1. Along the Cα→Cβ direction, 7 angstrom out, place labels at Glu109 and Gln52. What is the inter-label distance in nm?
2. Which one of Tyr59, Gln129, Leu103 has its Cα pushed farthest toward the positive end of the charge dipole of the chain, where Lys and Arg give +1 and Asp and Glu give -1 at the Cβ?
3. Take the eigenvalues of the Cα gyration tensor for the stretch 112-153, scale each by 5, and report the square roots as semi-axes in whole Å, largest first.
4. How far, in degrees from 0 to 90, does helix 103-117 lean away from the longest principal axis of the Cα atoms of the chain, to the nearest 10?
5. From largest to smallest, what semi-axes in whole angstrom does the chain give when each is the square root of 5 times an eigenvalue of its alpha carbon gyration tensor?
6. Counting Lys and Arg as +1 and Asp and Glu as -1, each charge on the Cβ, what is the dipole of the chain about the Cα centre in debye, to the nearest 20?
7. Normalised by the empirical 2.2 N^0.38 Å for globular proteins, what value does the Cα Rg of the stretch 1-93 take?
8. Testing the spin-label approximation: label points 7 Å from Cα along Cα→Cβ at Glu35 and Gln142. State their distance in nm.
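Bear in mind these aren't lab numbers, they're just calculated from the coordinates by the rules spelled out. Keep in mind it's a predicted model, so treat the numbers as computed, not measured. Counting neighbours? That spans all protein chains shown, and the Cβs are built from the backbone with ideal geometry, glycine included.
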Amino acid sequence: MLQLKVIDAADVPAVLALQAACYAPAFHESAEAFEAKVRATRGLHCSFLAVQGGEALGYIVSLPVDEGQLPGLDALDWQAARAPRTMYLHDLAVSPAGREQRLGHKLVEQVLRRARDMGLAQVALVAVQGSQAYWQRLGFAQAPAPLSEGLQQKLDSFGPGACLMQRTLVAA
């Protein structure tokens, strides 16, 4: 039976293993970067690990953010938002076994529900590795240009081809 659990510090090794299996090395983040995000969002229940039969099949890491406050890739110094309006979907990785179960979609839906429960206006993400079409199928669209200088710098930390995407939320 599939279980979604809130990610905590003890789950970081499983997250790193899934990250290594799903992303090119240029997109790998350190344990310290994941731990910083876990600490900053403790108690907010916005990052989840999917486990089945003791095996981690996928994870999603999201963070409520202030306007323009997206953490760069492998950021160690991210701080919790003061007045969030956006849920930033920082990372999604799903094993081949999880993909067969449409686990990516299930994890995204969990974050969308959580963002609505928190009263946030939108969900944003950085699409990498040519994943824009996947995110468009889930209702995301490219963020309007031009981006602020600070936001563009953070987007650039994800490398060429990175695309900031957003989805407006409607209250349930």
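1. 1.4 nm
2. Leu103
3. Sorted largest first and rounded, they come to 20, 17, 9 Å.
4. That helix lies at roughly 50 degrees to the long axis.
5. 22, 18, 17
6. In debye, rounded to 20, the chain gives about 620.
7. Taking N as the residue count of the stretch 1-93, the ratio is 1.04.
8. Output for this residue pair reads 3.9 nm.
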